[in-house]
Amino acid sequence: MRRSLLFLPGNTPNMLINGSCLGSDAVIFDLEDAVSPAEKDAARILVRNTMTYMDFRGCETIVRINGIDTPYWQEDLDEVLPCRPNLILLPKTGTAADVQTADAYMTQVEQRLGLAPNTVGLVALIETALGVENAFAIASASPRVTALFLGAEDLTADLQCKRTKESREIEYARTRLVVAARAAGVDVYDTPFTDVNDDEGIEVDALHAKALGFTGKASISPRHVEVINRVFSPSQADIDYAYEVMEAIRIGKEQGKGAVALRGKMIDAPIVARAQRTIAMAQELGLGREEA
Amino acid sequence: MTEIVRSASAGTMESSDVYVEIEPGQAGIELRLESVVKGQFGPAIEEVVREVLDQCGVENAKVSVRDRGALDCVIRSRVETAVKRGRGNT
């Protein structure tokens, strides 16, 4: 379950060491934009040691490495893969070939370390027009890909448009990524809301992302984590309805009914699937019922 | 053995960080430590610094450590980075 993914600058100890206490489902150790070229070496070592010595149980670890068009990305992987982060976030993924390049090197390192192939997953950060256009091919490029991730700041620069709070300029990219990810059977994460002081804005933005089908949302501020977690969690009404659906299905089967209705509405396979997902998430959050 | 061939530094003076400077030496490890928690943790910090230097194979160096309340893993990181920069292979 990854509702919230919190970026932490890779060379800033006071952020990194508190990363697991900030409430997010995952933290993203950033070796890319948050680290100047002169400090890439220091950040790699600091991130590696943070993962080695700090306790991140209950919080997944993701490392955003540098892009494959830089001289840094292979050293990034050499340094962090031995710590077995849950995922690598690959920036500026534009084509399926980009994924395959990173995937091939990750496989080499995994072999060197004696790890099974695909021990560490890959999330493709889509932040160029080319990446949006190739989203399905990227999501399908390797079994290592577990999710797509929208990066709107770089994307809007590439699109030559202004990034606004209303976010109309990224609506196409958002819907395109959700469709591509779901078609490929992987998760999809929304771009951070960058105004850290706008508590109302983050809620509106997160609700919109959830409504479009995103799995979760990234954040650059610990202040946004609680809102994102709440928005991407099932409400009590959602959970109650999911159990009602499953109960109606159970009774229908007992009675040999081919079709089952609840509250005057037919329950079909997609509704059952959604109810099962809701119950699974509720149970993971400790909100499920024992009899389920 | 790793030889420190030039002066190098790593880290910052920000809270929870440590600033490490290393330079060539000829009389073993000459360590100078400043820390806001030196009274309580000075010996422990020095032990970590010497352990990392030992792991890196550094036998001779002048090392200055200005600690701002860094955790063990941060001290380890900054010392290792300073060594790698000082030996000229990063």
Spans of helices (runs of 4 or more DSSP H) in the range A:177-292 with at least 3 residues of a type in the set (D, E, K, R): A:199-212, A:236-254, A:269-284
Residues satisfying the stated conditions in the range A:94-128, i.e. open to solvent by less than 40 Å² (accessible area, probe 1.4 Å), over 16 Å from A:Arg64 (Cβ atoms) and of a type in the set (A, V, I, L, M, F, W, C): A:Ala96, A:Val109, A:Leu115
Filtered residues of the range B:73-90 (kept if over 11 Å from A:Pro13 (Cβ atoms) and either more than 7 Å from chain A (Cβ to nearest Cβ) or modelled with pLDDT of 95 or more (or both)): B:Arg76, B:Val79, B:Glu80, B:Thr81, B:Ala82, B:Val83, B:Lys84, B:Arg85, B:Gly86, B:Arg87, B:Gly88, B:Asn89
Of residues in the range B:30-43 being modelled with pLDDT of 95 or more and of a type in the set (A, V, I, L, M), the one surrounded by the most Cβ atoms within 10 Å (Cβ to Cβ): B:Leu33
Some residue of the range B:73-86 being under 12 Å from the mean Cα position of the chain (by Cα), hydroxyl-bearing (Ser, Thr, Tyr) and part of a strand (DSSP E or B): no
Scan of the range A:31-80 for residues that are open to solvent by 10 Å² or more (accessible area, probe 1.4 Å) and small (Gly, Ala, Ser), ordered by number: A:Ala34, A:Ser36, A:Ala38, A:Gly58
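Quick one: which residue in A:Val196, A:Val179, A:Val186 is in contact with a Lys or Arg (Cβ under 9 Å, 6 or more places away or on another chain) and among the hydrophobic types (A, V, I, L, M, F, W, C)?
Criteria check complete, one pass: A:Val196.
If you scan the range A:22-50, which residues turn out to be among the small types (Gly, Ala, Ser), over 21 Å from the mean Cα position of the chain (by Cα) and within 20 Å of A:Leu90 (Cβ to Cβ)? Steps first, answer last, please.
First, the residues of the range A:22-50 that are among the small types (Gly, Ala, Ser): A:23-24, A:26, A:34, A:36, A:38, A:42-43.
Still in the list and also over 21 Å from the mean Cα position of the chain (by Cα): A:36, A:38, A:42-43.
Answer for the range A:22-50, where residues must be among the small types (Gly, Ala, Ser), over 21 Å from the mean Cα position of the chain (by Cα) and within 20 Å of A:Leu90 (Cβ to Cβ): just A:Ala43.
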Which listed residue, of A:Val123, A:Val99, is hydrophobic (A, V, I, L, M, F, W, C) and closer than 20 Å to A:Val27 by Cβ: A:Val123
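So which residues in the range B:59-68 are farther than 22 Å from A:Ala38 by Cα and either within 11 Å of the chain's Cα centre (by Cα) or at the interface with another protein chain (Cβ under 9 Å from one of its Cβ atoms) (or both)? It would help to see each step written out before you state the result.
At the first step, the residues of the range B:59-68 found to be farther than 22 Å from A:Ala38 by Cα are B:59-62.
Those that are farther than 22 Å from A:Ala38 by Cα and either within 11 Å of the chain's Cα centre (by Cα) or at the interface with another protein chain (Cβ under 9 Å from one of its Cβ atoms) (or both): B:Ala61, B:Lys62.
The values are calculated or read from the model by the stated rules, or taken from the named source; none is laboratory data. Please read these numbers as outputs of a predicted model, since none were measured by experiment. Here Cβ is always computed from backbone atoms with ideal geometry, including for glycine, and neighbour counts include all displayed protein chains. For accessibility, only protein heavy atoms count, side chains too; no ligands or nucleic acids. Shrake-Rupley method; radii C 1.70, N 1.55, O 1.52, S 1.80 Å.
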